[in-house]
Amino acid sequence: MKNLYLRSAVALSCALSLAACGGSDKGTMQLGGTVENVTVAGLVLQNRGGPDLKIEPNANSFAFPDLINANTDFDIKIISPPSNANCEMINGKGKSSAYGVGNIIVRCILIPRDVKGKIVGLTSGPLVIINGSYRLSIPANATAFTLTTLDTDGKTKLGQVGETVAYGLSVLQQPPGLTCRIDNAMGTMGKADVDNILITCN
């Protein structure tokens, strides 16, 4: 009878305090990671069908509000990406250890757009223009230009500008015997190509 009372007391103690019996369901560690290139709202994450976690613009990290225990499975999904980027989850599925969670990264690549425009009076060449470190050589008699060119692999597009990224064109080298100016040379890339740039040479 004495042993029965003892077992009952232990069971009651466990029911009142799971933590004291090594069975806390509140968790002890945070589930989170880092994010890259989130410049606008719209990125939503979810762990194993749980509540949505919205990531704010310009955030560089995230953390789910509910703590987890060691040896807990997690599977973080991208429910929706931001409108201006393509995002991938890195190390988003696994199991927490006694020391925490591994290196989880949400990597977003801004959607690139073309920068292009018209040219008037380019009777000699080349005219060399730049946008940051990217340069474009334009031959004589060209009437239009686009910064986009294909890399040697025939697939990678060079000279494009990611959405929400600032651009600024300038003349690096004037064509022989001419002076060229660029109108509408600066701005911030939106959801469509930039095509209102005008280069005038005389």
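The values are calculated or read from the model by the stated rules, or taken from the named source; none is laboratory data. Predicted model only: the values in this text are computed from it and were never measured. Cβ sites come from the backbone with ideal geometry, for glycine too, and all protein chains shown count toward neighbours. For the accessible areas, the whole protein counts, side chains as well, though only heavy atoms, and no ligand, DNA or RNA atoms are used. Shrake-Rupley method; radii C 1.70, N 1.55, O 1.52, S 1.80 Å.
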With a 1.4 Å probe and all protein chains left in place, how much of the accessible area of the chain comes from carbon and sulfur atoms, in whole percent? 53 percent
Reachable aspartates and glutamates, given that their alpha-carbon falls under 18 Å from the alpha-carbon of Lys95 and they are not under 8 places away in the same chain: Asp25, Asp66, Asp73, Asp75
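Roughly speaking, what is the stretch gain from Glu88 to Ala140, that is 0.36 nm per residue apart minus the C-alpha to C-alpha distance, in nm to one decimal?
Length gained between Glu88 and Ala140: 14.4 nm.
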Take the alpha-carbon centre of the stretch 129-202, take the same for the stretch 94-115, and report the distance between them in whole Å. 32 Å
With label points built 7 Å along Cα→Cβ from the Cα atoms of Lys77 and Thr149, find their separation and express it in nm. 4.4 nm
Can you give the angle from 0 to 90° between the axis of helix 2-16 and the longest principal axis of the chain, with both taken from C-alpha atoms, to the nearest 10? 20 degrees
Per residue, how much accessible area does the stretch 98-202 show when a 1.4 Å probe rolls over the protein heavy atoms, in square angstrom? 55 Å²
Near the amide H of Ser80, under 5 Å away, which other amide H atoms are found, from residues 5 or more places off or on another chain, if H is placed in the peptide plane? Val44
Net lengthening on full extension, Ala98/Ala59 (0.36 nm per residue, minus Cα-Cα): 11.3 nm
What is the spin-label model distance, in nm, from Asp195 to Asp52 if the labels are put 7 Å beyond Cα along the C-beta direction? 3.4 nm
